[in-house]
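I have placed the structure first, in the form of structure tokens, so that the comments after it can refer back to it.
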Amino acid sequence: MGSQTPLYACHVEAGARIVNFGGWDMPLHYGSQLEEHHAVRKHAGVFDVSHMTVVDLSGAGATEFLRRLLANDVARLKQQGKALYSCMLNTAGGVIDDLITYYLGPDRYRLIVNAATREKDLAWIDEQSGSYALEVAERPELAMIAVQGPQARSLVAPLIDAQCRDAALALQPFYALEAGDLFIARTGYTGEDGWEIVLPAAQAPMFWRQCLDTGIQPCGLGARDTLRLEAGMNLYGADMDETVSPLEAGLGWTIAWEPKDRDFIGRGPLTEMRSNPGKRKFVGLLLEGKGVLRNHQRVVVEGKDDGEITSGGFSPTLERSIAMARIPAGDYETAQVEVRNRLLDVRVVAMPFVRNGKIRIDL
């Protein structure tokens, strides 16, 4: 038995199929992964993401520390509640984790890091923060619930205190609001609109049940994965890890190169790779015929080295198999994937495949 979130009993009560995920007992689905996927694309779904780790940083050295720790630059965060997506790198430029940082006010930040990387993330932060004047506080007493879909915010709004409701509804994407006991962020991992809400663990079961009472579909890890794949969103440990740089994981846009004198960890190796025309590219693949693309399948490009699928599966929205892959540099639109000793034709496409309920590629 793994660790359990404050919502574990709610999942059992709802008949979820429970699986181990990074040491946590989490719901895979509640009967139909396909229905859960479509609910988020067309209506609203709610996810338990309480296995994620909340870390608060504060103190006079917090900003300076995060500017060193992260490849993106928290100095860009000028407005209270603004969020920043970034990679935390090792000295070789590999990705230790990808995370979101929220600016809570002068010298106050909140980080949301991945569950599977919790221990190494906290150890790395502790190792790097020694010379800075700051306090690092993990917040295990908090839970996290994500409501996603085109109707998610309007359905959940009545559950928020009336004094904060209008401000929550007025949040722009990638902004957050401290609303009493709730921390409400207009972020997500599905390619749809919605909120991720951090709240005291003791309040989480009631809030979850209230979401279900409004008609929001409970969703598990299965739908979360197909949704993020369609949206072209990386999964740590699959699409990147400590051996892969953001430049080869489609995350070059998260690196703040200016100002040039900001010496973030991993900058030197990334600078060298940036100018390398032979670095691998990160792309979407669309299977042209029948079959299913899976993680680690070989991508064959004529006249070049092989590539590899990093995340693959069936897209419920496209009704086709899709994948994310790291492939050789070059300008080409087709390739082949080895599936059960057969080479199947795929088209190389730009991601996302689906965003905000709309198909973004030509089928």
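The values are calculated or read from the model by the stated rules, or taken from the named source; none is laboratory data. Note that this is a predicted model, so its numbers are computed, not measured. Cβ: placed from backbone, ideal geometry, glycine included. Neighbour counts: every protein chain shown.
If the condition is being among the acidic types (Asp, Glu) and free of Cβ contacts under 8 Å to residues at least 40 places away in the same chain, then region 277-309 contributes Glu302, Asp305, Asp306, Glu308. Annotation: of all residues in region 280-298 being assigned to a strand (DSSP E or B) and of a type in the set (A, V, I, L, M, F, W, C), the one that is surrounded by the most Cβ atoms within 10 Å (Cβ to Cβ) is Leu285.
Listed by position, the strands (runs of 3 or more DSSP E) enclosed by region 1-116 that each have at least 3 residues that are surrounded by fewer than 17 Cβ atoms within 10 Å (Cβ to Cβ) are 17-21. All of (1) of a type outside the set (Lys, Arg); (2) in contact with a Pro (Cβ under 6 Å, 6 or more places away or on another chain); (3) surrounded by fewer than 14 Cβ atoms within 10 Å (Cβ to Cβ) hold for Glu319 with one exception: (2). I need the full set of residues from region 245-279 which are out of contact with any Lys or Arg (no Cβ under 7 Å at 6 or more places or on another chain) and not in a loop (DSSP other than H, G, I, E, B), in order please. Listed by number, the residues that qualify are Pro246, Gly252, Trp253, Thr254, Arg267, Gly268, Pro269, Leu270, Thr271, Glu272, Arg274. The set of residues in region 29-64 that are aliphatic (A, V, I, L, M), closer than 24 Å to Pro140 by Cβ and more than 17 Å from the chain's Cα centre (by Cα) comprises Leu57, Ala62.
Residues that are of a type in the set (Val, Ile, Thr) and outside any strand (DSSP E or B) within region 117-154 comprise Thr117, Ile125, listed in sequence order.
Hey, can you tell me all the residues within region 197-212 that are of a type in the set (S, T, N, Q) and either touching an Asp or Glu at 6+ places or on another chain (Cβ under 7 Å) or buried (at least 22 other Cβ atoms within 10 Å of the Cβ) (or both)? Selection gives Gln203 alone. Selection of first residues in region 310-321 that are among the hydroxyl-bearing types (Ser, Thr, Tyr) and of second residues that are assigned to a loop (DSSP other than H, G, I, E, B) and crowded, with 22+ Cβ neighbours inside 10 Å, restricted to Cβ pairs under 7 Å at least 6 apart or on distinct chains, gives the following pairs, ordered by first then second residue: Thr310/Asp239; Ser311/Asp239; Ser315/Phe353; Ser321/Leu293.
The single residue among Gly215, Gly194 that is surrounded by 21 or more Cβ atoms within 10 Å (Cβ to Cβ) and modelled with pLDDT of 95 or more turns out to be Gly194. Evaluated against (1) assigned to a helix (DSSP H, G or I); (2) under 25 Å from Ala71 (Cβ atoms); (3) touching a Pro at 6+ places or on another chain (Cβ under 8 Å), Ala202 falls short on exactly one condition, (2). A single entry from Pro259, Pro200, Pro269, Pro158 fulfils the requirement of being touching a strand residue (DSSP E or B) at 6+ places or on another chain (Cβ under 9 Å), over 19 Å from Thr53 (Cα atoms) and of a type outside the set (Ser, Thr, Tyr): Pro269.
The residues of region 211-244 that are among the small types (Gly, Ala, Ser) and not in a helix (DSSP H, G or I), listed by number, are Gly215, Gly220, Ala231, Gly232, Gly237, Ala238. Within region 274-321, the set of residues being acidic (Asp, Glu) and farther than 24 Å from Gly252 by Cα comprises Glu288, Glu302, Glu319.
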